[in-house]
Amino acid sequence: MKRAIFSAALLAVGMGMQAQKAVTPPSGGKAISNELIGIFFEDISSSADGGLYAELVQNGSFEYNPTERDGWGAGTAWRLIRPGHSLGHFEPKSDRPIHENNPNFMRLYIERVGHYYDFDGWTGFGIQNDGFDGIPVKAGATYDFSVFLRNIAGEAKQVRVALVEPARKPKLLAETTIDVNSSDWKKYTAQLKAVESSSKGVLQILVLNKGTLDVDMVSLMPTDTYKGHGLRKDLAETLAALHPKFMRFPGGCVVHGGGDGFWNTYRWKTTIGPKEQRRGLKNTWGYHQSMGLGYFEYFQFCEDLGMEPVPILPCGVSCQGTNGGWWMKDQAQDWVPMDQMDEWVDEALDLIEWANGDVNTKWGRLRAEAGHPKPFNLKYLGLGNEERISPEFIERFKYIYERVTKAHPEIVIVGTAGPGSHPGNNDFETGWKLAEEIGLPILDEHYYEPRDFFLNNRQYDNYPRDRKTKVYLGEYAAKDKKLIDALAEGLYLLHVERNGDVVCMTSYAPLFARKNAENWNPDLIYYDNERVYPTCSYYVQKMFGESSGNYYYGDCVKIDNATNLQGQSVVLNTKTRKLFVKVCNASADATKANINLSRFKGLKSTGTLTVISGQAEDENNYDKQPIQPQISTIKAKKKMTVDVAPYSIMMIELSL
């Protein structure tokens, strides 16, 4: 029997909890999913390398190439340096690499080591990495450096590693020296403690002896990462503040290689294990993904944030964008021959064993060797990502689905309704027909629409209530990032809460975008090397994440002269004994909300009020952040009338 989707929420009702006894929900409500708000991470707009993955060196494995972006090569993001008029040259090589998945490295030929008379001690021949628009360095902070080196010719060598702010007379931020004497690949590690700060630091690797030296897998990471697991702390904390219940990963179009074909399909097995053995890949969005942020890190992050992991695997059918499909009337697809489909079935079965298997299993042992002997307790598995629901897709999806569910009936499978998931769309209708035919637990819908859609559409009110298949709204967003767009999304989420017996999960997309590297707009969170810039939509998502619960009440709030531009909900979390009242007003007129909570027993006398408000066209950006939640303490009554400002959304949090 498949695990019930709402089991955690329903089992909490009336059960004794360690901290406090759960509250029994009063009549008049209905059970809803307590996993409505999650996150969807895709490596788009440099969200991984240069983003959530805390690595500060760009192209540290020298694997960039022109297939990924015109003009790129092994030396991209690197430059030659020779202080003191040292002499030499370097060239990319691929003979006898560290691992076949990491074929390229850089060979340095040092012919002369000079002396920089204007700056005593600054000498050597080597290479410099500028990071991602510079390397941010903070005084007093410690950085973990590692590199693989191989001494090819000449005496044993000293290698000077330095963090520097470039100038005619460079400013030294941190330094160390490594002794290299092995003629085989060897990993060297060191710590660099910064004595000064800089927003535009660079990493220099300078060889101080003549000869030939091979360099690969250069890495510089802040010692202070999120829970010590290699993720950029401020970005991870920004996600944690959303209180997400799950994370879908690694995509998105990244899953099946976008429009590049099967050679570029994301294969999870090449993203685990030692970093030097992982296979970098062309990213669908036009750059390189190192896989430093791989499946182990995704699962670890889910555990760190208390999220359910929702990995998405390809199912033998390419993205509909293949062969120019995005621009063709009849979208193109490629597909794996049926006699080769067992490989893709094994991809799913082996992932389940890797995530949940005992340490004595083949894949469970690899997880344990990576430092996690306990299972990750995978519950959900997605198959496919918004592919066109063609006959070829249906045949291959059924093939994988039947074999995975037979081997693991405890795993909840998430399918796809194709792109543009609205009633009347052919893929949508065919996807739902398939879901009902096979008894699919969850179907993933995607759509990006102008704000008016979210202001005026309430499509889940019309979904059949007796369907066994639940909805995961896996990708959605209004097509701008003004306050009015965020409020439109808020109104839509209020309608999702009302239909939380039909919709079990939602996630805004895309999640992240690096400044000056945006592949898509809008995004939920923008950032540069040193700061995070949450959008208006981020704060709305945060409000809904903070107010998750498992019972919905739709008749406790009456809004004066309500139109489709106002909405409300009351959600009860029986486990935490928290009650959340939300009211959204996307109109230009103030109104009042009349709240009646008489049915809830034991209401505490004070609560917390959070308000997000402003002008309709207000927007948070790199220059200013006018929209910030305002939080205050209020006196709580069972019957209250509250003022609701124009262009605002508010939440009252109460305890029982």
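The values are calculated or read from the model by the stated rules, or taken from the named source; none is laboratory data. What you see is a predicted model; the values in this text were computed from it and never measured. Neighbour counts run over all protein chains shown; Cβ positions are idealised from the backbone, glycine included. Areas reflect the complete protein model, heavy atoms only, side chains present, ligands, DNA and RNA absent. Shrake-Rupley method; radii C 1.70, N 1.55, O 1.52, S 1.80 Å.
A few notes on this one:
- Of all aspartates and glutamates in the structure, those lying under 17 Å Cα to Cα from residue 601, and not within fewer than 8 positions of it along the same chain, are 555, 653.
- Counting only residues at least eight positions apart within a chain, or on another chain, the lysines with an alpha carbon under 25 Å from that of residue 433 are 2, 329, 379, 398, 406, 468, 470.
- With contacts taken as Cα pairs under 8 Å at a separation of at least 6 residues, the chain carries a relative contact order of 14 percent.
- Positive-end extreme of charge dipole, the range 186-314 - chosen from 252, 208, 238 (charges on Cβ): 208
- Between the range 579-656 and the range 394-431, the Cα center-to-center distance that results, in Å: 39 Å
- Surface share of carbon and sulfur [accessible, 1.4 angstrom probe, percent] for the range 42-200: 45 percent
- Surface composition of the range 584-656: carbon plus sulfur atoms hold 48% of the accessible area, using a 1.4 angstrom probe and ignoring ligands, DNA and RNA.
- The peptide list 339-345, 424-430, 31-37, 553-559, put in order of mean Cβ contacts within 10 Å with the highest first, becomes 31-37, 553-559, 424-430, 339-345.
- Loop-resident sites, the range 27-121, for chymotrypsin sites (Phe, Trp or Tyr not before Pro), counting at most 10 other Cβ within 10 Å (DSSP): 117
- The residue 158 and residue 67 beta-carbon pair, evaluated with R₀ = 45 Å, returns a calculated FRET efficiency of approximately 0.75.
- Sequence ranges 573-583, 175-185, ranked by mean other-Cβ count within 10 angstrom, highest first: 573-583, 175-185
- Selection from 58, 114, 102 lying farthest towards where the dipole of the range 58-118 points positive, charges on Cβ: 114
- Assuming charge only on the beta carbon of Lys and Arg (+1) and of Asp and Glu (-1), the dipole of the chain about its Cα centre is about 2240 debye to the nearest 20.
- In nm, spacing of pseudo-spin labels at residue 515 and residue 133 (7 Å Cα→C-beta vector): 0.5 nm
- Between residue 112 and residue 262, the FRET efficiency from the beta-carbon distance, with R0 = 56 Å, is close to 0.70.
- Within straight-line cross-link reach of residue 558, aspartates and glutamates at Cα separation under 15 Å, skipping those fewer than 8 residues along the same chain: 643
- Here the chain carries DSSP beta bridges of which approximately 75% are antiparallel, counting only pairs with both residues inside.
- In order along the range 226-236, the phi-based Karplus estimate (6.51 cos²θ - 1.76 cosθ + 1.60, θ = phi - 60°) of 3J(HN,Hα) comes to 5, 6, x, 10, x, 10, 4, 5, 5, 5, 5 Hz; Gly and Pro are listed as x.
- For the range 281-299 versus the range 204-273, the gap between their alpha-carbon centres in whole angstrom: 6 Å
- Residues of the range 612-642 falling in the label zone of residue 590, defined by backbone nitrogen less than 13 Å from a point 7 Å along Cα to beta-carbon, are 642.
- Estimated from the Cβ-Cβ distance and a Förster radius of 22 angstrom, the FRET efficiency linking residue 237 and residue 606 is about 0.20.
- Note on the range 226-287: with charges restricted to the Cβ of Lys and Arg (+1) and Asp and Glu (-1), its dipole about the Cα centre is near 200 debye.
- Couplings 3J(HN,Hα) of the range 191-203, computed from phi: 10, 10, 10, 6, 9, 9, 9, 7, 8, 10, x, 9, 9 Hz, in residue order, whole Hz [Karplus 6.51 cos²θ - 1.76 cosθ + 1.60, θ = phi - 60°; x for Gly and Pro].
- Couplings 3J(HN,Hα) for the range 45-61, derived from phi with the Karplus relation 6.51 cos²θ - 1.76 cosθ + 1.60 (θ = phi - 60°), are 6, 6, 7, 9, 5, x, x, 4, 6, 7, 4, 9, 8, 9, 6, x, 9 Hz, where x marks Gly and Pro.
- For residue 57, nonlocal amide neighbours, meaning residues 5 or more places apart or on other chains whose placed amide H falls under 5 Å from its own, are 220.
- Of 542/582; 200/227; 21/578; 245/575; 233/582; 193/233, pairs whose Cα-Cα distance is over 21 Å: 200/227; 233/582
- Between residue 365 and residue 96, the contour length at 0.36 nm per residue exceeds the Cα-Cα span by 94.0 nm.
- The range 18-122: trypsin sites (Lys or Arg not before Pro) in DSSP loop, at most 15 other beta carbons within 10 Å: 21, 69
- Probing with 1.4 Å while keeping every protein chain in the model, the per residue accessible area of the chain equals 39 Å².
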